[in-house]
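Notes follow once the structure below has been shown.
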Amino acid sequence: MIKLGVKKIEFRVDANYVWRELKIVSLSASLTEEWNEDAAGKYSTVKITAEIRNSSKQIDIFLKYLSGWDYQYQITDMNDRQYLIGNNEYRADFNYSRSFGDLKTNGYEISIEYKNPEGITASH
């Protein structure tokens, strides 16, 4: 299993669009990758988790929108390596819940899950 700290999460609809940053709580995000095998073969499961502060109706609508479409995500780790998550063949699933942490503070927990047979590699 690989586990990395994440400092930036960006998203876009496809390669024709500009990356937009998802504003996350500093030092709250991580990326894990695990390899599994089933009857269809070996595959990688990548999961990114993060927190967003300050819930609002506007952010609720925005996060609901993200969870309903096929977006690509660009994840930047603490060493400035970038990983592309999601493509036309393998969808990245975006989920969220309102509130985070033990204090149930005013914000969101988000997760992005991505499964594919090739795993992920840093772009640089």
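A few comments on the model shown:
- Candidates 75, 110 - the one that is in contact with a helix residue (DSSP H, G or I) (Cβ under 8 Å, 6 or more places away or on another chain), assigned to a strand (DSSP E or B) and modelled with pLDDT of 90 or more: 110
- Single match in 50, 92 (criterion: buried (at least 17 other Cβ atoms within 10 Å of the Cβ), under 12 Å from the mean Cα position of the chain (by Cα) and farther than 18 Å from residue 118 by Cβ): 50
- Subset of the stretch 37-64 (residues that are small (Gly, Ala, Ser) and either in a helix (DSSP H, G or I) or at pLDDT 90 or above (or both)): 44, 50
- Answer residue from the stretch 78-106, given it is in contact with a helix residue (DSSP H, G or I) (Cβ under 9 Å, 6 or more places away or on another chain) and at pLDDT 90 or above and is farthest from residue 51 (Cα to Cα) among those: 93
- Of the numbered criteria (1) under 20 Å from residue 123 (Cα atoms); (2) touching a Gly at 6+ places or on another chain (Cβ under 7 Å); (3) surrounded by fewer than 14 Cβ atoms within 10 Å (Cβ to Cβ), the one residue 73 fails is (3).
- For the stretch 9-36, a tally of residues being assigned to a strand (DSSP E or B) and either of a type in the set (Asp, Glu) or within 14 Å of residue 72 (Cα to Cα) (or both) returns 9.
The values are calculated or read from the model by the stated rules, or taken from the named source; none is laboratory data. Given the structure is predicted, the values throughout are model-derived calculations rather than measurements. In this analysis, Cβ positions are derived from the backbone assuming ideal geometry, glycine residues included, and neighbour counts consider all displayed protein chains.
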